[in-house]
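Each value in this text was obtained by applying a stated rule to the coordinates, not by laboratory testing. No experiment lies behind these values; they were computed from the predicted model shown. Every residue, glycine among them, receives a Cβ derived from its backbone with ideal geometry; neighbour counts consider all protein chains shown.
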Amino acid sequence: MNYFEFVLMPVIGALIGWWTNLFAIKLIFWPINPIKLPLFNIEFQGLIPKRRLDISKNIGDVLEKEILSSDDIVERLVSEDSKQQLLKCVKDLIESKIYEKLPAFIPGVLKNSITEYFADVFDKQGGELFDEVKKQLINKAREEIQLKQMVEDKINSLDLAQLEDIIIMLSKRELRQIEVLGGVIGFFIGLIQAAFTCYFMG
């Protein structure tokens, strides 16, 4: 076995491994439409197009149960920090509107007293009012915000080419690593083959 043959086998192995993984990745998306192999009576279709409905349903389930729910969204919007900011904003708005709407003939001192009275009432009752509104918001969100269905519908509404582009964009680095890994494994298999051939036939 000459030097050229010894080098050629790992190179061929690397090319085969790389192309095999590249082809396997392509089969995740292609063919989009089912292709029937008449001799084997087998219908062939890419994984994503074939399992699209199941994939979108599973993503929606995982998102809503494990990552983010409508309750989480409302809780974040009406967190304790948000609560204080919203209460202050509403209080300032009430004070300014009451002062503006009071008739002009009412003296300024009296206007200030009336405004301060309502502001004081709001300080005492605003927290309870906010908590009640929060409960209603959470109940309404549970009824109206169906994240699972929203995600499922959005994924299913995408064109398959768009969906492929999104998946490749999100996992481009990992897919490239799979391709390279196939080449590396193929190279070492070819190298081992060459070594055995050289040993037993040399």
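List MET150, MET169 from most exposed to least, where exposure is judged by having the fewest other Cβ atoms within 10 Å. Don't skip to the answer; put the middle values down first.
Numbers: MET150 14, MET169 8.
Ordered from fewest to most neighbouring Cβ atoms within 10 Å, MET150, MET169 come out as MET169, MET150.
With a sphere of radius 12 Å drawn around the Cβ of VAL62, what net charge do the other residues whose Cβ falls strictly inside it have (Lys, Arg +1; Asp, Glu -1)? Show your work: numbers first, answer last.
Working: positive: LYS57, LYS65, LYS148; negative: ASP61, GLU64, GLU66, GLU152.
Around VAL62, the charge tally is -1.
Can you give the FRET efficiency for LEU53 and THR20, using 1/(1 + (r/R0)^6), R0 = 25 Å, r = Cβ-Cβ distance, to the nearest 0.05? Once the sixth-power term is evaluated, E becomes 0.30. Would you mind counting up the charge near ILE155? Only other residues with Cβ under 15 Å from its Cβ, with Lys and Arg at +1 and Asp and Glu at -1. That works out to -2. Extension gain for ASP72-ASN112 works out to 10.4 nm (0.36 nm per residue, less the C-alpha to C-alpha distance).
Stretched out straight at 0.36 nm per residue, the stretch from PHE122 to GLU43 would grow longer than its current Cα-Cα span by 21.6 nm. Note on GLN146 and LYS36: the extension gain reaches 35.8 nm, defined as 0.36 nm multiplied by sequence separation minus the Cα-Cα distance.
For TRP30, neighbours were defined as the other residues whose beta-carbon sits under 13 Å from its Cβ, and their charges (Lys and Arg +1, Asp and Glu -1) total +1.
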